[in-house]
1. Going by the structure shown, is Gln38 within 26 Å of Leu124 (Cβ to Cβ) and surrounded by fewer than 16 Cβ atoms within 10 Å (Cβ to Cβ)?
2. Just checking, how many residues over region 122-138 are over 18 Å from Pro62 (Cα atoms), open to solvent by 20 Å² or more (accessible area, probe 1.4 Å) and assigned to a helix (DSSP H, G or I)?
3. Which of the residues belonging to region 43-57 are open to solvent by 10 Å² or more (accessible area, probe 1.4 Å) and either at pLDDT below 95 or under 12 Å from Val29 (Cα atoms) (or both)?
4. Restricting to region 84-119, count the residues that are in a helix (DSSP H, G or I), at pLDDT 85 or above, surrounded by 13 or more Cβ atoms within 10 Å (Cβ to Cβ) and not aliphatic (A, V, I, L, M).
5. For region 1-22, which residues satisfy the criterion of being open to solvent by 60 Å² or more (accessible area, probe 1.4 Å) and either in a loop (DSSP other than H, G, I, E, B) or aliphatic (A, V, I, L, M) (or both)?
Amino acid sequence: MSLKRLTLWTCEDVDQILRNQPELEELEVGWRTSGVDQLDETDLPKLKFLAAPLHEAAFIVPGRPIEGLRIIRTPDDEGPFDDQLFENFALSTGPITDLSVHLLGMSEEDDESFDVDERLRVGLQVISRNLTQLESLSLH
């Protein structure tokens, strides 16, 4: 079975599945998926679109031709704009031109010192520093 699109919201050792999918172009993984950090550089050579939590995306993107990236928030996220993790997105051979970041859950209730305007300003700086060829941005 050679897939072009795959969604796995919960899967242990996902690397074992993905290694056998060299034709995969679109991948969605959930926050209860483990093993992405075990992927080899040669795995997923045709991957163009990825939807994943921030940390998982930072493992998958480098060295792959990702053009579209959707960051999914998880209950453990402190914020979606980690500069060090976004540096990994610049390592796409795509390059990434379409980015969507899910901000649901970022609110004053999580942090008394929360300032949505400041977090978005910082986020836009992080994005512009690391994804210089971005054409489409969705923050929702």
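1. Numbers: within 26 Å of Leu124 (Cβ to Cβ): no; surrounded by fewer than 16 Cβ atoms within 10 Å (Cβ to Cβ): yes.
Criteria not met by Gln38.
2. Of region 122-138, the ones over 18 Å from Pro62 (Cα atoms) are 122-125, 135-138.
Applying the additional criterion that residues be open to solvent by 20 Å² or more (accessible area, probe 1.4 Å) yields 122, 124-125, 135-138.
After this cut, where a residue has to be assigned to a helix (DSSP H, G or I) as well, the list is 122, 124-125.
Here the count works out to 3.
3. Of all residues in region 43-57, those open to solvent by 10 Å² or more (accessible area, probe 1.4 Å) come to 43, 45-46, 48-49, 55-56.
Result: Phe49, His55, Glu56.
4. Step one: list which residues in region 84-119 are in a helix (DSSP H, G or I), which gives 84-89, 108-110, 116-119.
Subset that is at pLDDT 85 or above: 84-89.
Next, only the ones that are surrounded by 13 or more Cβ atoms within 10 Å (Cβ to Cβ) stay: 85-89.
Within this subset, residues satisfying the condition of being not aliphatic (A, V, I, L, M) are 86-89.
Adding up the residues that qualify gives 4.
5. To start, the set of residues in region 1-22 that are open to solvent by 60 Å² or more (accessible area, probe 1.4 Å) comprises 1-2, 4-5, 7, 9-10, 12-13, 16-17, 19-20, 22.
Met1, Ser2, Lys4, Glu12, Asp13, Ile17, Arg19, Asn20, Pro22, listed by residue number.
The values are calculated or read from the model by the stated rules, or taken from the named source; none is laboratory data. Because the structure is predicted, anything quoted here is derived from the model rather than measured. Because the Cβ atoms are built from the backbone with ideal geometry, glycine has one as well, and the counts that use them run over all protein chains shown. Remember, those area values only see protein heavy atoms, side chains included, never the ligands or the DNA or RNA. Shrake-Rupley method; radii C 1.70, N 1.55, O 1.52, S 1.80 Å.
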